[in-house]
């Protein structure tokens, strides 16, 4: 199993959808709601919660963390379903929330391990694209297409690559520098934009980092 997205993730699809919905609710700051009425009548959401629980118990022995996380995910599901407006999420913002959730769970995201929430790259590989992943979760898709003449990566792909790099750097306790990203891009050649492409796209490395804050 892997957390890097280079191998097939063992995260069940319902658990992956649960991660998308949970991070979307956190990012959009939807008010927590009681899930007792909504999820009990929604078999799909019950299935999501069951698979999320399996994933959580597979990575932590702390029962309080599992119980708290499940309650939060249940609230997120109900909040998203009950929202009166479209709820969407960029890959970069998903990565930001994912990093925060893992920290709250006390789980380290390390290369060679599969953790919940999984990476945005896992969602892309599972569903074919980020927009298809959003559709599968019932979230609004992004209308952003290819930008500034780029033939391979669009805005969402740039944001996702930088967010994943920053999260990886923080996990390893190293600085998220332009040079370090160059090494990271070389290791993930063909999967993420090159360092030169990122600097050209945003105008500078600092602007690229600011884009995901």
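If only residues of region 182-191 that are assigned to a loop (DSSP other than H, G, I, E, B) and touching a helix residue (DSSP H, G or I) at 6+ places or on another chain (Cβ under 9 Å) are counted, the one that is surrounded by the fewest Cβ atoms within 10 Å (Cβ to Cβ) is 191.
Would you say residue 140 is in a loop (DSSP other than H, G, I, E, B), in contact with a helix residue (DSSP H, G or I) (Cβ under 8 Å, 6 or more places away or on another chain), modelled with pLDDT of 85 or more and farther than 28 Å from residue 10 by Cβ? Yes: the conditions hold for residue 140.
Which count do you get for residues in region 15-43 that are outside any loop (DSSP other than H, G, I, E, B), under 20 Å from residue 117 (Cβ atoms) and at pLDDT below 75? Total meeting the criteria: 1. Entry remark, region 167-181: residues being at pLDDT below 90 and in a helix (DSSP H, G or I) number 6 in total. Considered as a group, the residues in region 69-86 that are modelled with pLDDT under 90 and surrounded by fewer than 20 Cβ atoms within 10 Å (Cβ to Cβ) include one that is farthest from residue 141 (Cα to Cα), and that residue is 82. Checking each residue in region 192-213 for being loosely packed, with under 15 Cβ neighbours inside 10 Å and at pLDDT below 85 picks out only 213.
Among the criteria (1) under 28 Å from residue 157 (Cα atoms); (2) in a loop (DSSP other than H, G, I, E, B), the one residue 61 does not fulfil is (1).
The values are calculated or read from the model by the stated rules, or taken from the named source; none is laboratory data. Predicted, not measured: the structure shown is a model, and the values here were computed from it. With ideal geometry, Cβ positions are generated from the backbone for all residues, glycine too; neighbour counts draw on all protein chains shown.
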